[in-house]
Amino acid sequence: MSREHISASSLRGYLWISPAAAMLILVLALPMIYSLKASFTASSLLSPGSEQDFVGWSNYWQTLTDPEYRMAVVTTVAYAILAVSIELVLGTFVALMLNETFFLTPVLRSAWIVPMVVTPAIVGLFWILLYDETHGIFNYALVKLGFSPVPWLDVNHAFTSIVIMDVWQSTPFFALVMLAGLQSRNEEILEAARVDGASPLQCFYYLTISHLMPYMLIASSFRIIAAMGDFDKIYMLTAGGPGLVTTTLSIQTYKVGFNTFDIGRTAAMAWLFLLIVLIISGPLICYLGKTSDAER
Amino acid sequence: MSSTQKALLKKLVVTAAFFGIGVFYLIPYIWLVLTGFRMTVDTLAIPPRFIFAPTFSGFKYIFGPVRFQWYLLNSFVIASIATFVVILVAAPAAYALVNLGIRAKTFLYSIIVARMIPAVSIVVPIYLMAIKLGLLDTYQILIAIYATVNLPFAIWMMRAFFRDVPPSLREAAIIDGCSEFRVFRSVFMPISAGGALATAVFVFIACWNELLFALVLTNSKAATAPLAMVNFRTDWGIQWNAIGAGAVVLSTPVIVFAVAMQRYLIRGMTMGSVK
């Protein structure tokens, strides 16, 4: 192909992506640039004219030195890492189970999709009932089993409760990713290992777990990033309380934004949040970018 | 017992055990569905009542005084138009990335990054812009937001499906005198129809389930169904039968769609890195 031809076709290519680019710029990039500018001002909806009042890094400084903000960072990271670790282990077991041969396989596999797609806001709202101290079925089961009832949504347990709720909703995602991994495994290698005298435990560790490793990394990366941004179900279940024990960065940014209308401060928080998420998702972004190039 | 009988018995036992585990896992969802068909007194009873006189009072309440159908209509219209816009814009973009030889590394990386942005970090500036443009509580603003935040995902997914189309088909069509648009419309879209449908379904589900933007940007005229459910939690208690009924109405279509498209579900959720 001649050089002119290439440049003509790439010009046409840009025409084809221009509506998408326009939407991303208008609805995502512009508001973000606006918020970047606002984060250096004392802008507040409660005082007109304040959006021109530049204050330098003060909003960032205030946020970073605020103990409540640091607590929210810890809560967010702890929530994401704890939930994802449990989901990874449970999901792998469920995948091993779904990979066995049994009757009505498609029915059971479909059933595991249900928690994943139920509206998160409804999950949060409904788990209030499940966690209810006197009327909830969790405490009913605990008491039946001889344990004492747990005040699920009090200061000491609310954090565990949001983790459990996410484990319920997101374990199927890990299970289905791992199942895809298991089904891409070469059964002949497994057979060969058995013939050569590998113990079941060795087979499991060297062939199953190591084969699943990339799948585990991908699923965990996606879920950690999404979990850090979780808002709907935590907001509905606890709204960040009691006190601040379930106040993640999403909940805190929302609250500062819409309770105090301190736009400058909220914008700084939003940008810091974005920065944290981008740093954590850095490896995944590079991976997706690189593999997309290699494929074709 | 012969060995085939033994194998059959084992398979039966395994099936029963796995279904037991599955049902146990789904208890929170099953309980939610039952709550929709139960008086609130029965829902709150201890020991829990799995058997009760079914009632449609929750459904009558939400479709009567609450006018839940109206919020459902809002949700449906907003999610459908947003999905339509997404496919209309994402498909040509994905086609260009695959076929038109543009070295759009910047564009590729920006859509991956855009996919990672937490919703809450853009909600405040979008709220301010909506005020400035007078778009608070309108269909337009939610459609614009939902279409844009789902666009990166849709481009990425459509791109994966277009890549499965053999490039020789395009070359042949071009040699036969087809325009690029014609190749896109008459070769790539029909071949990738299943993929486009799957993409559309996932975008629709994401819009249908969304709460944060609806909570911030709407209050009555354009309020969506998940937002309406927030109000079932009142100062004088929570109307569990209404929540159960609303949840059944809201989640059933989504579950049916997702199960129908399960072949593509994981591929979509991992941006194509797991097939």
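Here are the numbers for this structure:
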item: Euclidean distance between Cα centres, the range A:22-70 to the range B:136-195, Å; result: 36 Å
item: Number of partner chain Cβ atoms within 10 Å, mean per residue of B:19-29; result: 6
item: Cα-centre dipole for the protein assembly as shown with unit charges at Cβ (Lys and Arg positive, Asp and Glu negative), debye to 20; result: 920 debye
item: Which of B:73, A:45, A:28 has the fewest Cβ neighbours within 10 Å, and the rest in rising order; result: B:73, A:45, A:28
item: Amide proton proximity set for residue A:41, modelled H, under 5 Å, gap of 5+; result: A:55
item: Helical mean residue ellipticity (222 nm; -39500 (n - 2.57) per DSSP H run of 4+; nearest 500) of chain A; result: -22000 deg cm²/dmol
item: Gaussian network model of chain A, springs between alpha carbon atoms under 10 Å - residue of A:166, A:132, A:196 with greatest fluctuation; result: A:196
item: R0 of 35 Å, Cβ-Cβ distance residue B:171-residue A:185: FRET efficiency to nearest 0.05; result: 0.45
item: Computed P(r) (all Cα pairs; the range A:43-295; 10 Å bins; percent); result: 6, 23, 28, 23, 13, 5, 1, 0
item: Cα lying deepest toward the dipole's positive end in chain B, options B:55, B:161, B:274, charges on Cβ; result: B:274
item: Nearest-0.05 FRET efficiency for residue A:204 and residue B:21, computed from C-beta distance (R0 25 Å); result: 0.80
item: Assigned charges on the beta-carbon of Lys, Arg, Asp, Glu; chain A dipole about Cα centre (debye); result: 400 debye
item: Charge dipole of chain B about the Cα centre (unit charges at C-beta), most positive-ward option of B:23, B:222, B:124; result: B:23
item: Potential lengthening between residue A:148 and residue A:239 on full extension [0.36 nm per residue; Cα-Cα distance subtracted]; result: 30.1 nm
item: Farthest positive-ward along chain A dipole, Cα basis, beta-carbon charges - from A:55, A:239, A:67; result: A:55
item: Ranked A:81, A:128, criterion: other C-beta atoms within 10 Å, fewest first; result: A:81, A:128
item: Of A:117, A:256, A:107, the one that fluctuates the most in a GNM where chain A has Cα springs shorter than 10 Å; result: A:107
item: Electrostatic dipole magnitude of chain B [Cβ: Lys, Arg +1; Asp, Glu -1; Cα centre; debye, to 20]; result: 560 debye
item: Chain B, helix-only ellipticity at 222 nm - DSSP H runs n ≥ 4, -39,500 (n - 2.57), divided by all residues, nearest 500; result: -23000 deg cm²/dmol
item: Local net charge near residue A:125, Cβ-Cβ under 10 Å (Lys/Arg +1, Asp/Glu -1); result: +1
item: Spin-label pair residue A:47/residue A:33, simplified geometry with 7 Å Cα→Cβ offset, distance in nm; result: 2.8 nm
item: 4 °C / 1.567 mPa s Stokes-Einstein diffusion coefficient of the range A:1-127, Kirkwood radius on C-alpha pairs, µm²/s; result: 61 µm²/s
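Rule-based calculations on the coordinates, nothing more; no lab input. Since the structure is predicted, the reported quantities are computational estimates derived from the model, not experimental observations. Neighbour counts are summed over all protein chains in view; Cβ atoms, including those assigned to glycine, are modelled from backbone coordinates with ideal geometry.
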